[in-house]
Amino acid sequence: MPGRSPGCTLTFYRLPDSKLWVRYMRSDRRYVVIPFPGHQWNGWENDLPPAVGRYDPELKAFVLDDVFRGMEALAALSSTVKSGRSLAEFTSDPFEN
C-alpha cells in the first residue's frame, strides 16, 4: 500500500459491479482510496464523486477531503464493507470469508 501509515486499518469496499476499493491512511495523515491490488479497472480514478475528494496523479490515489464523508459515500455505494490491519488477510478476495 503506497505510503501507508504503519499499523493503520485497511477498509475494503465491494461495489455491486464487482469493483473493489481499499481505504487507508498514508504516513502524511491523508486518507486515500485505491482499487484493491490486482483489481484495477480503466477509469477508476473518476468513479468516486468529486464531493468526497479528488484523484492525485502524483500519489496515484483518490485523496479524501473529508474521511467521514468519503466513508459514508463509499458505504452507500458498497454491497460489503470489511476492515483489517494487513493486506495479507485479504490476499485473493477480501470478501471471501
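The values are calculated or read from the model by the stated rules, or taken from the named source; none is laboratory data. From a predicted model like this one, the values you see are computed outputs, not experimental measurements. Here the Cβ is made from the backbone with ideal geometry for all residues, glycine too, and neighbour counts use every protein chain on show.
Within region 77-97, restricting attention to residues that are of a type in the set (Gly, Ala, Ser) and part of a loop (DSSP other than H, G, I, E, B), the residue that is modelled with the lowest pLDDT is 92. Filter region 72-89 down to the residues that are surrounded by fewer than 11 Cβ atoms within 10 Å (Cβ to Cβ) and out of contact with any strand residue (DSSP E or B) (no Cβ under 8 Å at 6 or more places or on another chain), then identify the one that is farthest from residue 10 (Cα to Cα). Applying the filter and picking the extreme gives 76.
Going residue by residue through region 55-71, is there one that turns out to be touching a residue at least 60 places away in the same chain (Cβ under 8 Å) and either surrounded by 12 or more Cβ atoms within 10 Å (Cβ to Cβ) or not charged (D, E, K, R) (or both)?
yes
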